[in-house]
Amino acid sequence: MIKIICLGKLKENYLKEAILEYLKRLSKYDKVSIVELIDYNYDIKKTLEKERDSILKVINEGDYNILLDLDGIELTSIEFSKKLEAIRNTNSNINFIIGSSYGVHEDIKRLSNLRISFSKLTFPHQLFRVILLEQIYRSFKILNNEEYHK
């Protein structure tokens, strides 16, 4: 099972529709769910602590945690698909964690098994959910030698 853990609720209908489409496509390959947590708006320290606590409540011991992080490693789509395949071979539960505009608490960084950056660019957090789902979908297409990735 793949779980995408993110802070804040989606507001734009076009993003909701895109996410639903990718979730439908991905259902052929694996169970994928999105867990939306409350995004807090205190001072940075308190916000990161509250968000850390929320994230920890939805992560189980033994899960493989991938943090989406500007300081993470960058992979091509093919490298990402191979990494995802290797992780799935040894872990049945994979969490992708998307932090808030403040990032994530250091405890979440330490808890992460892998930190990946999709780019040095900054993306809106809501749009990034779609980007992540598309890359996960692309990975499954690559791994199954199905036409999609060029």
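Would you mind putting 130-138, 71-79 in packing order, based on average other-beta-carbon counts within 10 Å, highest first? Could the numbers behind the result be given before it?
Details: 130-138: 19.6, 71-79: 12.7.
With the highest mean Cβ count within 10 Å placed first, the list reads 130-138, 71-79.
Return the calculated 222 nm mean residue ellipticity for the chain, to the nearest 500 deg cm²/dmol, obtained by summing -39500 (n - 2.57) across DSSP H runs with n ≥ 4 and dividing by the residue count. Present the calculation step by step, with values, prior to reporting the outcome.
Numbers: 5 runs with 67 residues, N = 150.
Computed mean residue ellipticity for the chain: -14500 deg cm²/dmol.
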- The answer for Gly99, listing residues at least 5 apart or on another chain whose modeled amide H is closer than 5 Å to its amide H, is Leu68
- Item | Sites Glu146 and Ser54, calculated FRET efficiency, Cβ-Cβ separation with R0 30 Å, nearest 0.05 | 0.25
- Student exercise, the stretch 13-150 dipole from Lys, Arg, Asp, Glu Cβ charges, in Debye to nearest 20: 240
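Please state, to two decimals, what the Cα-based radius of gyration of the chain comes to when divided by 2.2 N^0.38 Å (N = residues). Don't skip to the answer; put the middle values down first.
On the way: Rg = 14.9 Å, N = 150, 2.2 N^0.38 = 14.8 Å.
Rounded to two decimals, the normalised Rg is 1.01.
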- Query: Over the stretch 13-54, with a single point scatterer placed on each C-alpha, what log10 of the ratio I(q)/I(0) does the Debye formula yield at q = 0.24, 0.30, 0.33 1/Å?
  - Reply: -0.77, -0.95, -1.07
- Give the calculated FRET efficiency between Ser33 and Asn89 to the nearest 0.05, with a Förster radius of 22 Å applied to their Cβ-Cβ distance. 0.60
- Contour minus Cα-Cα span, Lys82 to Lys46, at 0.36 nm per residue, comes to 9.2 nm
- For helix 125-143, report the angle its Cα long axis makes with the longest principal axis of the Cα atoms of the chain; keep it between 0 and 90° and round to the nearest 10°. 30
- Message: Can you order the peptides 3-10, 141-148, 16-23 by their average number of other Cβ atoms within 10 Å per residue, highest first?
- Response: 3-10, 16-23, 141-148
- Compute the acute angle (0 to 90°) between the alpha-carbon long axis of helix 13-26 and the principal axis of greatest extent of the alpha-carbon atoms of the chain; round to the nearest 10°. 50
- Item | R0 of 25 Å, Cβ-Cβ distance Leu15-Ser119: FRET efficiency to nearest 0.05 | 0.85
- So which lysines can Lys16 reach, going by Cα to Cα under 17 Å and dropping same-chain residues fewer than 8 places off? Lys3, Lys24
- Query: If you take the charge dipole of the stretch 2-143 about its Cα centre, with +1 on Lys and Arg Cβ and -1 on Asp and Glu Cβ, which of Ser81, Ile97, Asn113 is farthest toward its positive end?
  - Reply: Ser81
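Each reported figure results from applying straightforward, stated rules to the coordinates on display, with no laboratory input. Just so we're clear, the structure is a prediction, and the values are computed from it rather than from any experiment. Virtual Cβ from ideal backbone geometry, glycine too; neighbours counted across all protein chains shown.
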